[in-house]
Structure formats: structure tokens, C-alpha cells
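What follows is a short report on a single structure.
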Amino acid sequence: MKKFLTILLFSVYAGAAVPAHAQAFASAEPTHFTFRIPVSICWWAPAGKDWRGSVTGIAGLRSGVELYPHKAGASPEDGTFRLYGRALLGWRIGAGDQGTYGELYNAFSAQAGLFARVNITRQHGLYLGGGAGWAVEAHSFSPKHSAQKTETKRGAAVTLTAGYQFKTAGRISVFVEAEYAHFLADSCLDVFMPSAGITIGL
């Protein structure tokens with residue numbers, strides 16, 4: 001009995017019983033990543049009541065990258081539930097009321113967030129996400145009897161986004177979404193922004 005226990009303990013300590021677990025770990029499928037490029041055009045409106053009537057949103061453009069983790073041989077449309085990350089750069093333009101604030105409004109923004117996607121089918125999906133962003137706003141206006149002036153403001157924001165995506169044949173997907181951005185600085189405009197665009201798989 002003593003000899004048996006000695007052999008058993010030596011085998012475990014020496015690693016004779018470990019290869020089975022190591023083999024299972026080694027055979028686990030590694031995580032792969034799919035990159036996609038979203039490009040969208042948007043319409044926007046100031047959401048804060050203090051800005052309504054002072055600035056009118058015209059249009060905007062955004063693009064960036066989406067990062068989907070998945071197993072080998074799978075795609076972001078496989079399975080029911082997917083988590084992914086997204087980072088965007090954007091520009092938007094608006095017109096101000098000359099009598100109240102200004103004539104031209106431009107904003108440049110950067111944001112990143114985490115999204116959850118529910119695949120209804122392989123072609124249809126709904127997604128919801130949130131994140132943080134940063135924007136620089138430039139208001140150009142012409143006071144009476146003065147040269148044109150430009151005021152620049154900047155601030156951080158938290159964002160909430162919901163959307164629908166339809167996957168076409170190949171690597172192209174079409175999406176529509178709506179986003180609300182709340183800026184932590186009172187001087188920046190809170191923004192509601194519906195948009196439509198395409199996502200290109202790499």
C-alpha cells in the first residue's frame with residue numbers, strides 16, 4: 001500500500017496526470033477577430049432645450065472600425081448573441097441663427113464603445129451599445145459692425161446607440177441607427193443623430 005501511494009504521488013507531482021488537461025487546453029479553439037469598416041451619413045439635431053432654435057443640424061459623416069471576436073470558421077452573423085467594439089471619427093455641420101448665435105457650426109468628434117448584437121437571422125440583426133466620446137465644436141458668427149469670429153469649445157460625452165443591420169451578399173451590410181450623445185460640458189451641444197450607412201468586411 002505504501003509503495004502504491006508513493007508511486008501515485010510521484011506520478012501526480014511529476015506531471016504524469018497533467019497532460020490530459022494540458023491537451024484539452026491546447027486543443028481549445030483560439031479567438032479570431034474580424035474587422036469591419038462602417039461608413040455613414042447622418043442628420044442631427046441639438047437635444048438640449050437651450051440650443052433649440054439657435055443651431056439647426058444639417059448633415060454629418062462618420063467612419064471607423066468595428067472589431068468582432070469569434071471562433072475560427074465563424075462570422076459575426078453566426079450564433080444568437082455577439083459582443084463587439086466600435087471606434088468612430090466624425091464630422092457634422094450645422095447652421096446657426098444669425099440673430100441669436102452664429103452663422104456656421106462645425107464639430108469634429110471621436111468615440112469608442114462596446115456593443116451587443118442579437119442576430120434574428122443570419123441577415124437581420126439588432127444592436128445596442130454605449131461608450132464615451134470627445135468633440136471639438138467651432139461656432140463662426142459675424143457680430144454687427146465686426147469681423148467674423150470663431151469660438152471653439154470642446155468636451156467629453158457619453159453615448160447611447162441603437163440600430164438595425166441587414167447583411168447583403170458578400171461583405172457588405174446596410175444599417176440604420178440612432179444615437180444620443182450627452183456632453184458633460186454645458187457649453188457643448190447634446191446631440192440626437194439618426195444615420196444610415198454601410199459596413200464593409202475586411
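Pairwise Cα distances in segment 122-202 exceed 15 Å for 67 percent of all pairs. Using θ = phi - 60° in the Karplus curve 6.51 cos²θ - 1.76 cosθ + 1.60, the 3J(HN,Hα) couplings for segment 130-136 round to x, x, 10, x, 9, 9, 10 Hz; x is entered for Gly and Pro. Note on Trp134: accessible area approximately 130 square angstrom, rounded to 10, probe 1.4 Å, nucleic acids and ligands left out. Taking other residues whose beta carbon is less than 14 angstrom from the beta carbon of Trp91, and scoring Lys, Arg as +1 and Asp, Glu as -1, yields +1.
Full extension of the chain segment joining Phe108 with Ala45 gains 21.2 nm, where the gain is 0.36 nm per residue of separation less the Cα-Cα distance. Give me the percent of the accessible area of segment 138-199 that comes from carbon and sulfur atoms, probe 1.4 Å, all protein chains in place. Carbon and sulfur atoms account for 62 percent of the accessible area of segment 138-199.
Shown is the FRET efficiency for Val176 and Leu202, computed with R0 = 25 Å from the Cβ-Cβ distance and rounded to the nearest 0.05: 0.70.
Order the following by accessible area, largest value first: Phe141, Phe183. Probe radius 1.4 Å; ligands, DNA and RNA are ignored.
Solvent-accessible surface, decreasing: Phe141, Phe183.
For segment 173-181, backbone phi angles converted through the Karplus equation (6.51, -1.76, 1.60; θ = phi - 60°) give residue-by-residue couplings of 10, 10, 9, 10, 8, 9, 10, 10, 10 Hz, Gly and Pro being listed as x. If R0 equals 22 Å, the separation of the Cβ atoms of Glu151 and Leu89 corresponds to a calculated FRET efficiency of about 0.45.
The values are calculated or read from the model by the stated rules, or taken from the named source; none is laboratory data. This one's a predicted model, so the numbers in the text were calculated from it and none came from an experiment. Using ideal geometry, Cβ is built from the backbone for each residue, glycine included, and neighbour counts are taken over all protein chains shown. Keep in mind that these areas ignore ligands, DNA and RNA; they rest on the heavy atoms of the full protein, side chains included. Shrake-Rupley method; radii C 1.70, N 1.55, O 1.52, S 1.80 Å.
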